[in-house]
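The block underneath contains the structure these notes are about, expressed in structure tokens.
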Amino acid sequence: MFAGPIIFGFILGFILGSRIRDDMFPPSSYLVVILALIIVAWNLGPFPYYTDLPIATGFVAAAAGIMAGRILLGR
């Protein structure tokens with residue numbers, strides 16, 4: 001597994017997640033985001049020549065970073 005896309009995806013997602021306001025991202029939307037994340041990451045597939053997992057790990061890390069940034073530093 002390559003750490004570069006995962007680290008940079010999480011950092012970018014964390015920065016974006018920290019900027020989301022309360023009224024734009026209610027708690028009920030987490031379920032929808034997680035389901036959409038799974039579908040999109042599976043359809044994107046891994047970056048060419050990455051054969052570790054059948055999903056886009058950078059995309060998953062970015063989505064996890066958005067949620068973590070929203071929970072920890074959300075306005």
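The values are calculated or read from the model by the stated rules, or taken from the named source; none is laboratory data. What you see is a predicted model, and the numbers here were worked out from it, not measured in a lab. Counting neighbours? That spans all protein chains shown, and the Cβs are built from the backbone with ideal geometry, glycine included.
Worth pointing out:
- For region 42-75, the tally of residues that are surrounded by fewer than 15 Cβ atoms within 10 Å (Cβ to Cβ), part of a loop (DSSP other than H, G, I, E, B) and among the β-branched types (Val, Ile, Thr) stands at 1.
- Residue count for region 41-56, restricted to those that are of a type in the set (Asp, Glu) and at pLDDT 80 or above: 0
- Residue list for region 14-53, restricted to those being within 18 Å of ALA3 (Cβ to Cβ) and in contact (Cβ under 8 Å) with a residue 12 or more places away in the chain: PHE14, ALA41, PHE47, TYR50, ASP52, LEU53
- Residues that are among the hydrophobic types (A, V, I, L, M, F, W, C), touching a Gly at 6+ places or on another chain (Cβ under 8 Å), modelled with pLDDT under 80 and under 14 Å from GLY9 (Cα atoms) are absent from region 23-34.
- Some residue of region 57-67 being at pLDDT 85 or above and more than 10 Å from the chain's Cα centre (by Cα): no
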